[in-house]
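Chemist: Right, I'll just put the structure down here and ask away after.
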Amino acid sequence: MTNHYYPTSPNSVPKSLTKLPFSYLLKSILSILAIVLFFVLYVSMVIGLGYLFYYAIIYDMGYINKLTIIMKVGAIAGAAMLFVFSLKFIFKLKNHKPNNRILLKKEEHTDLWNFIEKICEETGAPRPKNIYLDPDVNAYVAYSNMWLSLFLPVRKELTIGMGLTDCLNLSEFKAVISHEFGHFSQRSMKIGSYIISANTIIHNMIFERDKWDDTLDQWRASDIRLSAAAWLITPIIWLIRQMLNLFYQFLNVMYSSLSREMEFNADKVAVKTSGSEAIISALWKLNGGSTVWHNTLNHAILASKKNLYVENIYINNALALEREAPHQAQLLESLQEDKRGGRMYFTDSEHSKVGMYASHPPNDKREHNAKTPYVVCDQDTRSPWILFGEKSRLQTAMTLRLYEIYLQKKPTDFVQAQVLEEFIKSETQGAHLAKEYDNTFSNRFLQIPNPQKLNAQMASLKPSKKVLKQLKLEVKDLMQPIHEIEALMIKAQEIAQGTTKVKTFSFNGIEYSKKNLENGYNFLLNKREEHFNLSFENWDTKFCAFFTLLAKEEARDNELAKLYAQHQAITFLYRSVTTTKNSILNKVTDLQNAGEITNEQLQGLTARVKDFFRTLNQEVNALDKLHFVEMPNVESIEELKEALVDNSEFKIENGLIFENGGFQKMMNQLESTIYNCQRIEQKSISCILLFHKNLELLLAD
């Protein structure tokens, strides 16, 4: 590769820029000590339980009779169960390899490999064993085999996200990859492998329930003469799990502290190769890029329900980024000048919205770290795609892989990218009108009044621009307490995440801190819901009556009535599915809190869950009676049902759903339907607002 593809590095970099601070070294030592302590205790436990099993076998029974034989067998079985419990994670060891990656061979992507090797030279990091592409806004470094890395010098692999490549320039791309190679060069990265391994062991023993637990449950349910040993080891297992849980939290606190230092150091490595601005502007761009990519992917999945498949989804992602570019440029222009240099991208301690950076230090702390000192460097604004051979082929291959992963489909008939663009445009049609009503319908249901209420309100209204203006002012006033509650909810989240210096918040004269933060947050949720339900009903009635009167003047009141009726049916199903999910979860919780669960209770709950689903299916089928009104991308009652509920029906799983995984599948159906209902309900609101807008244009002063 010629230097033509490699962005300029800073001319002047302080020698001590990437030197590890004392705090880094101290936290590395503390993390190592914590890991050593864990493995010493764990190995001691395994040896101790192994010896207990051995001793149970060789222990002399003394007198041999029926009782001593039962006791001997029980002791051996109990000791064996404890020993297997300490080692059961071994049977689940897997070297997980993501299935959404494409290997980039050196001979096919020479420019990229040369670019990466040049970064390796500049950072002093070892070369990667492999380079992969994945579909997302993503970049990470990992061992090719985590378990082997505990004992052998295993080489690392680099994964680059295609969504990330889409939204950065070449200098920012270089900075992000340099950050990852900063991890390559960190010896402390191996500490992470040991922490992950320890967490895997502990998590399996504490939280996972498997055949071992089923065996213990069945053993306890047998005759008391045979199950005495099972009841004896149950509190021992509980005690081990509680102790491991404490260690689990301790290990993660220790490592999270070290991880923060590792990220700061990796950012310094990025500054060394690309200057202070590139890594921070990349972080800022990736927030928006991540949102755009997830929207594009989501729209492609929705379009697939209408059998619309594109060969290259990244064409649409590029178009979406193009549409967003003016807004991004406006936001960039509005950023303050930073006295240290460049612009000030982050002014508060929010965490990144990008998955790859979600566990990193807050954005403003990373910006301060990268700009202390500020290192100047020219920016190369070209796209990183110039490094990749056959960009279109890679994007097409990844698109097909995405359809296979997310939809379990291998489409052969494709539409042009413009067809998906039209689908996306239709999907968001009318959504902008919600702002005229202070986004009041974003988190609440429009309460359509019954005919009696509607007629009574219509009798006291005379439509005019002045009355409409008053309606909009009224809803703004009604939304003010909602905005205040939501601001407190955001503050509660920031306190929970530790991204604010504020330690408490107050509401209704009660102060909430970390100790009772969850109670405070739930109280805010309930108050918001209460306000939505009680304060907006009269306004909604006036709102519907106003536009019904306008529709009457144009002889379109029947059309609007059908639109209102359809919206009511959609919200009814939405509420019903949400209520059903909560009811099922409450019944499961009540049963768990009651203590030992009998087969009869489990069968009763199974029957109740299936009854819930039968009722929901009746409600879905009731949609057939609607006077259907076409919506964007939903052109028939069949498509409406399919859009709300996958395959237009809630599938009732067969058999013992709490034992064969059926219960989780049914709960997943409810989650999926709630997401679908939210989409269709907002689409229905947009249709109503569009209809209203057309009527509003005819309004006299």
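The values are calculated or read from the model by the stated rules, or taken from the named source; none is laboratory data. Predicted model only: the values in this text are computed from it and were never measured. We place every Cβ from the backbone using ideal geometry, glycine too, and count neighbours over all the protein chains shown. The area values use the complete protein model at the heavy-atom level, side chains included, leaving out ligands, DNA and RNA. Shrake-Rupley method; radii C 1.70, N 1.55, O 1.52, S 1.80 Å.
Chemist: What number goes with the only condition from (1) outside any helix (DSSP H, G or I); (2) buried (at least 16 other Cβ atoms within 10 Å of the Cβ); (3) at pLDDT below 90; (4) not acidic (Asp, Glu) that SER359 does not pass?
Modeler: So SER359 meets the others, but not (2).
Chemist: OK, next. Restricted to region 231-277, and to residues that are open to solvent by 50 Å² or more (accessible area, probe 1.4 Å) and of a type in the set (A, V, I, L, M), which residue is farthest from the chain's Cα centre (by Cα)?
Modeler: Selected residue: LEU232.
Chemist: While we're on this one: Run ALA139 past the list (1) under 30 Å from ARG393 (Cβ atoms); (2) among the small types (Gly, Ala, Ser); (3) open to solvent by 20 Å² or more (accessible area, probe 1.4 Å) and report the number of the one that doesn't hold.
Modeler: So the condition that ALA139 fails would be (3).
Chemist: Do the conditions hold for TYR132, that is, is it modelled with pLDDT of 90 or more, open to solvent by 10 Å² or more (accessible area, probe 1.4 Å) and not β-branched (Val, Ile, Thr)? Before the answer, list the steps.
Modeler: Values: modelled with pLDDT of 90 or more: yes; open to solvent by 10 Å² or more (accessible area, probe 1.4 Å): yes; not β-branched (Val, Ile, Thr): yes.
Here the answer is yes, as TYR132 does meet what is asked.
Chemist: Regarding region 53-72, can at least one residue be identified that is within 30 Å of GLN249 (Cβ to Cβ), open to solvent by less than 70 Å² (accessible area, probe 1.4 Å), of a type in the set (A, V, I, L, M) and at pLDDT 90 or above? Step through it out loud before you land on a result.
Modeler: Start the filter on region 53-72 by keeping residues that are within 30 Å of GLN249 (Cβ to Cβ), which leaves 53.
Add one more test, that the residue is open to solvent by less than 70 Å² (accessible area, probe 1.4 Å), and what stays is 53.
This time we only want the ones that are of a type in the set (A, V, I, L, M), so: none.
No, every residue in region 53-72 fails to be within 30 Å of GLN249 (Cβ to Cβ), open to solvent by less than 70 Å² (accessible area, probe 1.4 Å), of a type in the set (A, V, I, L, M) and at pLDDT 90 or above.
Chemist: Same structure again: Would you point out which residue out of LEU616, LEU605, LEU573, LEU563 is open to solvent by less than 30 Å² (accessible area, probe 1.4 Å), over 20 Å from MET667 (Cα atoms) and part of a helix (DSSP H, G or I)? Full working, then the answer.
Modeler: On the way: LEU616 fails: over 20 Å from MET667 (Cα atoms); LEU605 fails: over 20 Å from MET667 (Cα atoms); LEU573 fails: over 20 Å from MET667 (Cα atoms).
The unique qualifying residue is LEU563.
Chemist: Okay, next question. What residue, of ILE584, ILE652, ILE597, is open to solvent by less than 30 Å² (accessible area, probe 1.4 Å) and either of a type in the set (A, V, I, L, M, F, W, C) or under 30 Å from PRO449 (Cα atoms) (or both)? Steps first, answer last, please.
Modeler: Details: ILE652 fails: open to solvent by less than 30 Å² (accessible area, probe 1.4 Å); ILE597 fails: open to solvent by less than 30 Å² (accessible area, probe 1.4 Å).
The match here is ILE584.
Chemist: Quick one: which of LYS371, LYS339 is over 30 Å from ASN99 (Cβ atoms) and modelled with pLDDT of 95 or more?
Modeler: The match here is LYS371.
Here is a yes/no grid of residues against (1) within 22 Å of the chain's Cα centre (by Cα); (2) farther than 23 Å from LEU550 by Cβ; (3) touching a residue at least 60 places away in the same chain (Cβ under 8 Å):
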site	(1), (2), (3)
LEU478	no, no, yes
ILE490	yes, yes, no
GLU494	yes, yes, yes
PHE507	no, yes, no
LYS514	no, yes, no
LEU524	no, yes, no
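Chemist: On to the next question. Is there any pair linking a residue in region 672-696 that is aromatic (Phe, Trp, Tyr) to one that is open to solvent by 40 Å² or more (accessible area, probe 1.4 Å) and outside any helix (DSSP H, G or I), with Cβ under 9 Å and at least six apart or on different chains, and which?
Modeler: Qualifying pairs under 9 Å: PHE691/ARG556.
Chemist: Something else: Test of understanding: among SER392, SER464, SER460, which residue is over 31 Å from the mean Cα position of the chain (by Cα) and in contact (Cβ under 8 Å) with a residue 60 or more places away in the chain?
Modeler: Numbers: SER392 fails: over 31 Å from the mean Cα position of the chain (by Cα); SER460 fails: in contact (Cβ under 8 Å) with a residue 60 or more places away in the chain.
Every option except SER464 fails the conditions.
Chemist: Could you tell me which of the residues SER44, SER86 is open to solvent by less than 30 Å² (accessible area, probe 1.4 Å) and either free of Cβ contacts under 8 Å to residues at least 60 places away in the same chain or closer than 28 Å to LEU244 by Cβ (or both)? Show your work before the answer.
Modeler: Working: SER44 fails: open to solvent by less than 30 Å² (accessible area, probe 1.4 Å).
Going through SER44, SER86 in turn, the sole match is SER86.
Chemist: Let me spell it out: the conditions are (1) surrounded by fewer than 17 Cβ atoms within 10 Å (Cβ to Cβ); (2) within 21 Å of the chain's Cα centre (by Cα), and LEU302 meets all of them except one. Which number is the exception?
Modeler: (1)
Chemist: Next question, about the same structure. Which of the residues that make up region 655-701 are in a loop (DSSP other than H, G, I, E, B) and open to solvent by less than 50 Å² (accessible area, probe 1.4 Å)? Give the steps one after another, and end with the answer.
Modeler: We begin by selecting, within region 655-701, every residue in a loop (DSSP other than H, G, I, E, B); these are 655-661, 697-701.
Result: GLY655, ILE657, GLY661, LEU699.
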